[in-house]
1. Grab the DSSP H runs of the chain that are 4 residues or longer, score each as -39,500 (n - 2.57), total them, divide by all residues and round the 222 nm result to the nearest 500 deg cm²/dmol.
2. For 224, 105, 152, which order do you get if you count the other beta carbons within 10 Å of each Cβ and list the fewest first?
3. Helix 234-247 sits at what angle to the longest principal axis of the chain, using alpha carbons and giving 0 to 90 degrees rounded to 10?
4. Dipole of the chain (Lys/Arg Cβ +1, Asp/Glu Cβ -1, origin at the Cα centre): which of 205, 421, 128 lies farthest to the positive side?
5. Where Lys and Arg each count +1 and Asp and Glu each count -1, what net charge lies around residue 177 among other residues with Cβ under 15 Å from its Cβ?
6. Looking at the chain, send over the antiparallel percent of its DSSP beta bridges, to the nearest 5.
7. What pairs from 3/415; 387/415; 22/221; 357/408 go past 18 Å between their alpha carbons?
8. Assuming a ≥ b ≥ c are the square roots of the Cα gyration tensor eigenvalues, decide whether the stretch 261-320 counts as rounded (a/c under 1.5), prolate (otherwise, with a/b larger than b/c) or oblate.
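Quick note: the coordinates plus some simple rules give every number you see, no bench work behind them. The structure presented is a predicted model; accordingly, all values stated were derived computationally and were not measured. So basically every Cβ, Gly included, is an ideal-geometry build from the backbone, and we count neighbours across all protein chains shown.
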Amino acid sequence: MDKLVVEGGFQLNGSITSSGAKNSALPILAASILLDAPIIIKNIPHLNDVTTMLELLGSMGVDMTLSEDMEVELDPSGLNDIGARYELVKTMRASVLVLGPLLARTGYAKVALPGGCAIGSRPVNLHIDIMKKMGAQISIKDGYIEAKTNGRLKGCEFYFELVSVTATENALMAACLADGITILKNCAREPEVSDLANCLNSCGAQISGIGSDELIIEGVKQLRGTSFSIMPDRIETATYLVATTMTGGEITIKNCQPNSLGSVITKLEEAGANIFCSKDEINLKMQEEIPISTSLSTAPFPSFPTDMQAQFIALNSISNGSATVTETVFENRFMHVNELIRMGGDIELRGNTAFIKGKGRKLIAAPVMATDLRASASLVLAGLVAKGETIVDRIYHIDRGYERIEEKLKLLGAKIDRISA
Ligand code: UD1
């Protein structure tokens, strides 16, 4: 199993380019099931979750051609096996994204209940409720969701009682081929939802309200192929910005989307970074010798993203001052805290809030265990400033969501290596 070995104490300086967004690539790949003709998807990130989604689509008969510059052409005309098997679904919760497209396109779907990051119970009731409201009959047995519909799904009005990114995406995809108009209320406004909607519209879908919490979809008979470039990964971008705020230095991130990062940029400025954004670049120069503690609470977009919570706990652990970090999106998303404490972090958990006393750059390297995708990133960031050599184990979690993390960090001057044990 691969590990990352990080020697702390080096500033980050230089420039890197953002990869395509994982959370946009996954639904857009799943959306290929809806189409009548091939789609070309560009700027696909090279990540384990993307490979899993491609394997899943391939196992269902979707034909694919991958080019070296991370462009994929998907031809759904051979779709034959309309089930998503547990062996493929168990490693990635986002596999549930094939439910809506399969049902809308073929009238049947059998999808294993998802696995993925161990961050709370993460149910799929909202995905099921909206499909039912659109006329599907659904049963859950032997760990599978089985969904059927007589004829096409029916447009409807649906209010999401909780804001859910992938449930919004599943509903959006299903509604594109439903009979009549669907009005979705209290939708997730994450930029990746808008990226999916824009991609679907370029295939001939009729979606309005993109970027708002109310999406209106007029069902169409069929969707054509298109060529679409995935948006840059805002969580990847933000992770490198936090890394540099922690180590000190100055970096430029090219081909990113600054306007999707407002809440994170505000917090980094509070921590002492000087940030300059142009249309698709961010320059960050750390001004303070030691970062300043900054408190936050996670919530759906445009508020502070839960996917950046772990990295900010690492940042606060090495800052000057005290901070609280409250997690409101997922229960049990604090597995990184114990590992950071093992590196000398002063963090106390009370309910869904972490109380962090910053100690300056005084963390000490230790062997640590990655437990989920973003938690793993926070351990690498801590390793960048800790005294000595931090070994991060189980980095398959990182490879699910960060493209060539050690190469990008090395480019910026970090001392980090991947070893195979
Ligand atoms: C997506 C992102 C993930 C991010 C999360 C929140 C992808 C592939 N993953 O995950 O990186 O951390 O959004 O921004 O885009 N919930 C229910 N019932 C449901 C669905 C969700 O109760 O049917 C709850 C969840 O347990 C959680 C909250 O809703 O507490 C939000 O989860 P959700 O937005 O669905 O997360 P994902 O879409 O899985």
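1. Values: 14 runs with 133 residues, N = 421.
That calculation yields -9000 deg cm²/dmol at 222 nm.
2. Values: 224 14, 105 23, 152 18.
Ordered from fewest to most neighbouring Cβ atoms within 10 Å, 224, 105, 152 come out as 224, 152, 105.
3. 0 degrees
4. After comparing all options, I get 128.
5. Values: positive: 105, 152, 154, 221, 224; negative: 36, 169, 179, 218.
That works out to +1.
6. Details: 56 of 80 bridges.
Counting only bridges with both partners in the chain, antiparallel ones make up about 70 percent.
7. On the way: 3/415 14 Å; 387/415 12 Å; 22/221 29 Å; 357/408 30 Å.
22/221; 357/408, as the Cα separations exceed 18 Å there.
8. Details: a/c = 2.23, a/b = 1.01, b/c = 2.20.
Verdict is oblate for the stretch 261-320.
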